[in-house]
Amino acid sequence: MNDRAPGQARRVALVEDDADLRISTAQVLSLAGFVVESFAAAPPALEAIDADWPGIVVSDVRMPHMSGTELFRALHERDPDLPVILVTGHGDVAMAVDALKAGAWDFLTKPFDPQALVAAADRAATARGLALDNRRLRAAAQGDAASGLIGESAAIRRLREMIPTLANADIDLFIEGETGTGKELLARLIHRAGKRSRQRFMAVACGALPEALEDELFAPMGEASIASVVRGTLFLDDIDQASRRLQARLTPLVEERVLRSPGAREPLPLDLRVIATGGTDEGDLSEKITPGLFYRLAALRLRMPPLRERREDVPALFAHLAGAAATRLRLPLPMMTGAVRHHLSSHDWPGNVRELAHFAERFVLGLEDAAAEPASVPAGDTLPQRLDAFERDTIVAAVLGTKGEIGAAIKRLGIPRKTFYYKVHKHGIDLATLRKGGR
């Protein structure tokens, strides 16, 4: 996933009344990876572009009915963060300079160098992406920090849709997934959505439970006893890390719904639901969990995907977590920087949502500006040079990271194939050398 999500800050509204110039400019921008929406006049563009337009605007200045500067001023009043690039004839330069002073992003004079247009559009798109991300951060800070599964990936949407059905289906569940993916969150959401929601949700960390506390867990009464979960939900976290002794004591509870307490004459019948979690390795699970316990718990299995499989959810998750952290810490939400944005999009997040939550907290505390700029970018270079160097380094890293598999690199970058080869040619990248592990 690259820093600029496809379909968001890589969109361009192109406003040009000259049909030939409109077509050729659209082709230049398309080859550079932009999704172009063309308009032959300013009024329909103004009607189509609202305050949440997820892209930038490139507009000619001299047009009938409504000029480009008039369009800019109307758009600027609607959304001051929307970058507008004006294209002018030589006689309109003074007008364009006035627009710059009023907040226009940039202007180009005809005939303009296509590369100059692409460079200006790239810089504007980066700025727009940051503005939209910061807008989402502000919205998240004012939102509900107790909301459910965040994200729009197919796996998360499917899990969200299943929650109401699972909540009132009186069957045990097994949630598998890597550490930090949010397995307990899913279990709690299922508990809250069902008929057992008014009763207790008791979480037991099976891998960290000292043997000395096991007797309290299986006592006939007490706050620490399973007996207190009447008509509620017993959550067995990391059941695959439980000792064989603990598993042996849990098996009759899961199979027969009875609590066998030390010294008790009769087992205590219990009405409760069991939700357990474990890792994702099928062989490991069947080896680490006794068969009687595993197959009873695993009758219905759910899987929480790792973040690397749902990268499109990272921005929304980060906004939600940063907003929640800001509320909890009673701190203002900082402005997102380009370095933070790059880290969010390029990091693999091996610790999953838990790692992202820690990163969001450090961000709110002002302790985290994420990854540093690529070492190959000298501090004294101009902004266009920095952007070009960053883009080149990102492409090189993607090709090296996929061991020269170009298709995989293109997928990782999140850009069209023709755009990938356009940028490879633009930056003079030697793909044959990269495939051999060089740069």
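Points worth noting:
- Residue with peak Gaussian network fluctuation, the chain [Cα springs, cutoff 10 Å], from G33, G279, G55: G279
- Option label - percent of Cα pairs over 30 Å apart computed here, alternatives (1) 37; (2) 45; (3) 57: (3)
- Local net charge near P64, Cβ-Cβ under 15 Å (Lys/Arg +1, Asp/Glu -1): -4
- Shape category assigned to the stretch 154-304 from the gyration tensor of Cα positions, a/c cut at 1.5: oblate
- Computed across the stretch 11-141, the Kirkwood hydrodynamic radius from all distinct Cα-Cα pairs reaches 14.6 Å.
- Net charge in the neighbourhood of C206 (other residues with Cβ under 9 Å of its Cβ; Lys, Arg +1, Asp, Glu -1) is -3.
- Relative contact order, whole percent, for the chain stands at 16, derived from Cα pairs under 8 Å and 6 or more residues apart.
- Listed residues E223, E184, E152, most fluctuating in the chain (Gaussian network, C-alpha, under 10 Å): E223
- Note on A116/R362: beta-carbon distance plugged into 1/(1 + (r/R0)^6) with R0 of 51 Å gives a FRET efficiency of 0.85.
- Relative packing of peptides 187-199, 325-337 - highest average C-beta neighbours within 10 Å first: 187-199, 325-337
- Ranked by how many other beta carbons lie within 10 Å on average, peptides 10-17, 300-307, 60-67, 175-182 from highest: 10-17, 175-182, 300-307, 60-67
- 11 Å reach of a label modelled at T165, 7 Å along Cα-to-Cβ, counting backbone N of the stretch 226-243: none
- Protection proxy ranking of 70-81, 353-364 - average other beta-carbon atoms within 10 Å, highest first: 353-364, 70-81
- Under 28 Å from K101, Cα to Cα: lysines that are on another chain or at least 8 residues apart: K110
No value in this document is a laboratory result; all are computed from the given coordinates. Bear in mind that the values here come from a model prediction, so they are computed numbers and not experimental data. Reconstructed Cβ throughout: ideal geometry from the backbone, glycine too, with neighbour counts over all protein chains shown.
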